[in-house]
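Peer 1: Below is one structure. I have some questions about it.
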Amino acid sequence: MKKPLMLFIMSLIAFTALSQGSLSIDRFGYSDFRNSDGERVGSGSMLRTKAEMTLPIKMKRDEANRLSAWGIRINADYSRLNNSETAAMLNPHEILNTSITLAHIRPLAGRWSMIAALGVGIYAPTNYIRWKSLLGNGIALFIYKINDELSLGFGGGLTNSYGPPVVMPMAYVNWQHKGRYQFTVNFTGHLNVTGSTKLDDRWKITCTAVDMDGITAVLVRDGKTKVYSSTMIKSDLSVSYYITPQLSFYVGGGCVWRRSSRIAPRRIEEFFKGMFASSDKYSFGPSMRLNAGFRYGF
């Protein structure tokens with residue numbers, strides 16, 4: 001899954017529960033930077049700031065209490081990378097990923113529903129924002145609600161990350177168990193597995209076993225337009241304090257297990273090559289992670 005489309009899909013997960021927002025700061029500690037042969041060729045750390053907001057435009061429910069809604073999703077993601085040696089040459093110093101998405105959810109026959117969306121965003125180093133940095137993404141998912149906890153679906157995603165628009169098949173899995181202990185497994189272009197429990201009306205502990213996301217940037221290297229992409233696999237344990245029933249502050253810590261780096265020509269064949277090839281990929285090793293932020297509506 002190419003990163004702009006991955007980020008776009010992730011933003012739609014919150015759309016099913018409108019009126020949400022978050023602001024977070026994530027610090028990744030230093031780790032070695034290695035090539036595909038495992039040789040150390042540098043080191044680096046990263047500071048990441050993210051803001052997300054979902055704004056409902058129109059909402060209504062049918063006689064079966066099923067939601068039909070239009071909404072706008074706004075995302076801003078700024079990453080500052082502090083690298084040395086080859087890591088400094090390969091990875092941009094500052095990366096901006098920001099997007100705005102118009103999304104629609106509506107019930108279909110029986111247990112079926114649909115989510116469709118279209119968005120555009122800037123994916124670029126902060127010192128090289130051009131028209132070519134604008135990437136468009138679209139998605140259509142058909143979702144079947146098996147029971148109150150589990151939903152499965154399928155559909156397609158559209159991205160122009162590598163030039164010509166490409167349509168990709170997609171799967172959707174969302175399992176949520178609610179009670180004193182809450183568990184969530186979500187796979188919609190990325191994987192997220194969490195468990196949490198509320199100690200009382202104010203305090204909540206959350207364990208994120210796996211969280212995978214990424215950043216991307218359209219840049220120029222050797223006079224040619226290329227695409228930089230990085231995938232991150234993380235885990236953490238966090239504590240949240242609820243200032244109000246809707247607004248909470250959290251702090252956490254954990255580990256970034258892997259943070260990959262790849263720069264490829266912006267050509268359609270590279271889109272498919274990147275799914276399977278590993279010979280031209282670099283990655284940072286495990287590092288400590290500290291994070292904090294505010295959430296509204298979660």
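Peer 1: Provide a single number: the residues in the range 71-89 that are out of contact with any Gly (no Cβ under 8 Å at 6 or more places or on another chain) and closer than 18 Å to F28 by Cβ.
Peer 2: Number of matching residues: 4.
Peer 1: Considering only residues of the range 210-237 that are of a type in the set (G, A, S) and surrounded by 15 or more Cβ atoms within 10 Å (Cβ to Cβ), which is nearest to G29 (Cα to Cα)?
Peer 2: S235
Peer 1: Can you spot a residue in the range 182-204 that is aliphatic (A, V, I, L, M), exposed (fewer than 15 other Cβ atoms within 10 Å of the Cβ), modelled with pLDDT of 85 or more and more than 29 Å from P107 (Cα to Cα)?
Peer 2: Looking only at the range 182-204, we keep the residues that are aliphatic (A, V, I, L, M), and these are 185, 191, 193, 199.
The next check asks that each one be exposed (fewer than 15 other Cβ atoms within 10 Å of the Cβ); those that pass are 199.
Subsequent filtering for residues that are modelled with pLDDT of 85 or more retains 199.
Keeping just the survivors that are more than 29 Å from P107 (Cα to Cα) gives 199.
Yes, the range 182-204 contains at least one residue that is aliphatic (A, V, I, L, M), exposed (fewer than 15 other Cβ atoms within 10 Å of the Cβ), modelled with pLDDT of 85 or more and more than 29 Å from P107 (Cα to Cα).
Peer 1: Next question, about the same structure. Out of curiosity, is Y128 in contact (Cβ under 8 Å) with a residue 40 or more places away in the chain, buried (at least 17 other Cβ atoms within 10 Å of the Cβ) and either touching a strand residue (DSSP E or B) at 6+ places or on another chain (Cβ under 6 Å) or of a type outside the set (K, R) (or both)?
Peer 2: Details: in contact (Cβ under 8 Å) with a residue 40 or more places away in the chain: yes; buried (at least 17 other Cβ atoms within 10 Å of the Cβ): no; either touching a strand residue (DSSP E or B) at 6+ places or on another chain (Cβ under 6 Å) or of a type outside the set (K, R) (or both): yes.
For Y128, the condition - in contact (Cβ under 8 Å) with a residue 40 or more places away in the chain, buried (at least 17 other Cβ atoms within 10 Å of the Cβ) and either touching a strand residue (DSSP E or B) at 6+ places or on another chain (Cβ under 6 Å) or of a type outside the set (K, R) (or both) - is not met.
Peer 1: For the range 218-238, which residues satisfy the criterion of being in a strand (DSSP E or B) and of a type outside the set (A, V, I, L, M, F, W, C)?
Peer 2: The answer is R221, K224, T225, K226, Y228, S229, S230, T231, K234, S235, D236, S238.
Peer 1: Against the conditions (1) in a strand (DSSP E or B); (2) modelled with pLDDT under 90, where does A64 fall short? Just the number, please.
Peer 2: The single condition A64 does not satisfy is (1).
Peer 1: Now for a different question. If you go through the range 115-125 one residue at a time, do you hit one that is of a type outside the set (D, E, K, R), more than 29 Å from S230 (Cβ to Cβ) and either without any contact (Cβ under 8 Å) to a residue 40 or more places away in the chain or in a loop (DSSP other than H, G, I, E, B) (or both)?
Peer 2: no
Peer 1: Look through the range 241-264, keep the residues that are hydrophobic (A, V, I, L, M, F, W, C) and within 30 Å of A217 (Cβ to Cβ), and return whichever of them is surrounded by the fewest Cβ atoms within 10 Å (Cβ to Cβ). Please lay out each step first, then the result.
Peer 2: So in the range 241-264, the residues hydrophobic (A, V, I, L, M, F, W, C) come out as 243, 247, 249, 251, 255-257, 263-264.
Keeping just the survivors that are within 30 Å of A217 (Cβ to Cβ) gives 251, 255-257, 263-264.
On the way: V251: 12, C255: 15, V256: 24, W257: 16, I263: 18, A264: 18.
The extreme case among them is V251.
Peer 1: Restricting to the range 185-217, name every residue that is within 18 Å of the chain's Cα centre (by Cα) and not in a strand (DSSP E or B).
Peer 2: Within the range 185-217, T188, G189, H190 meet the criteria.
Peer 1: Report, by residue number, each residue of the range 189-205 that is touching a residue at least 24 places away in the same chain (Cβ under 8 Å) and out of contact with any helix residue (DSSP H, G or I) (no Cβ under 9 Å at 6 or more places or on another chain).
Peer 2: Result: D201, R202, W203, K204, I205.
Peer 1: Now for a different question. Taking the range 73-110, which residues are in a loop (DSSP other than H, G, I, E, B) and either at pLDDT 90 or above or hydrophobic (A, V, I, L, M, F, W, C) (or both)?
Peer 2: N91, P92, H93, L108, A109 - these are the residues of the range 73-110 that are in a loop (DSSP other than H, G, I, E, B) and either at pLDDT 90 or above or hydrophobic (A, V, I, L, M, F, W, C) (or both).
Peer 1: Here's a follow-up. Could you give every pair whose Cβ atoms fall below 9 Å, whose first residue belongs to the range 53-71 and is without any contact (Cβ under 8 Å) to a residue 40 or more places away in the chain, and whose second residue is loosely packed, with under 13 Cβ neighbours inside 10 Å and charged (D, E, K, R), counting only separations of at least 6 or pairs across chains?
Peer 2: These pairs meet every condition: S68/K58; S68/K60; S68/R61; S68/D62; W70/K58.
The values are calculated or read from the model by the stated rules, or taken from the named source; none is laboratory data. Here the structure is a predicted model, which means the values were calculated and not measured. We place every Cβ from the backbone using ideal geometry, glycine too, and count neighbours over all the protein chains shown.
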